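The block underneath contains the structure these notes are about, expressed in structure tokens.
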Amino acid sequence: MSDSRWLYYAFGAALTASVVPILAKKGMRDIDPVLATALRSVVMMLFMLAACSVKQRWPGLDRLDRVSVVMILLSGLAGALSWLCGFEALAIADASKVAPIDKLSVPMAAVLAVVFLRERPSGTNWCGILLIAVGAYLTARK
């Protein structure tokens, strides 16, 4: 039996991510985007520390190896840079323009997954990835 819970989590991620640029744009009227990103990061850190406590995930720390820690730290750095760039973009442009361009991360991640993780998307998957890229391009046009 296949575990399909991933799909619910993925939709949850998409739903919650969809409100990020809206809330950020509304909240950044009188605040610097770097400061806004820092405040968002603090909230996220506190929330995740609480989630680890509630779900009792702290014992998993002893299973981390050096490579895993480095990769997770680099992932955190990439995420912070992504947020910083996204908030800077929202300070300048409409959320309806910034969000689709931000989602170019989907086709970029697919290509990186093929190169570095040796994943093999199907032809149908590649069609969807291409449509995401075309959609981002069309939303950025004047």
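Each residue in segment 83-95 was checked for being free of Cβ contacts under 8 Å to residues at least 40 places away in the same chain and surrounded by 13 or more Cβ atoms within 10 Å (Cβ to Cβ), and 3 of them qualify. Looking across Val54, Val42, one residue alone is farther than 25 Å from Pro21 by Cα and at pLDDT 95 or above. It is Val54.
Restricting to segment 45-67, and then to whatever is in contact with a helix residue (DSSP H, G or I) (Cβ under 9 Å, 6 or more places away or on another chain) and either part of a helix (DSSP H, G or I) or not assigned by TED's automatic domain parsing to the domain that holds Ala80 (or both), can you tell me which residue is farthest from Ala24 (Cα to Cα)?
Per the criteria, the residue is Gly60.
Taken over segment 113-142, the criterion of being outside any helix (DSSP H, G or I) and over 16 Å from Ile101 (Cα atoms) is satisfied by Arg118, Glu119, Arg120, Pro121, Ser122.
May I ask you to list the residues in segment 1-30 that are assigned to a loop (DSSP other than H, G, I, E, B) and closer than 11 Å to Phe87 by Cα?
Let us first name the residues in segment 1-30 that are assigned to a loop (DSSP other than H, G, I, E, B), namely 1-4, 28-30.
Scanning segment 1-30 gives a single hit, Met28.
The one condition from (1) in contact with a helix residue (DSSP H, G or I) (Cβ under 9 Å, 6 or more places away or on another chain); (2) not assigned by TED's automatic domain parsing to the domain that holds Val20 that Ser82 does not meet is (2).
In segment 105-119, is there at least one residue being under 22 Å from Val34 (Cα atoms), surrounded by fewer than 17 Cβ atoms within 10 Å (Cβ to Cβ) and free of Cβ contacts under 8 Å to residues at least 40 places away in the same chain? Let's see the steps before the verdict.
Step one: of segment 105-119, the residues under 22 Å from Val34 (Cα atoms) are 105.
Adding the requirement that they be surrounded by fewer than 17 Cβ atoms within 10 Å (Cβ to Cβ) leaves 105.
Subsequent filtering for residues that are free of Cβ contacts under 8 Å to residues at least 40 places away in the same chain retains 105.
Yes.
Here is the figure for segment 18-37: residues that are more than 14 Å from Asp94 (Cβ to Cβ), of a type outside the set (Gly, Ala, Ser) and in contact with a Phe, Trp or Tyr (Cβ under 8 Å, 6 or more places away or on another chain) total 3.
The values are calculated or read from the model by the stated rules, or taken from the named source; none is laboratory data. Quick caveat, the model's predicted, so the values are computed rather than measured. Cβ sites come from the backbone with ideal geometry, for glycine too, and all protein chains shown count toward neighbours.
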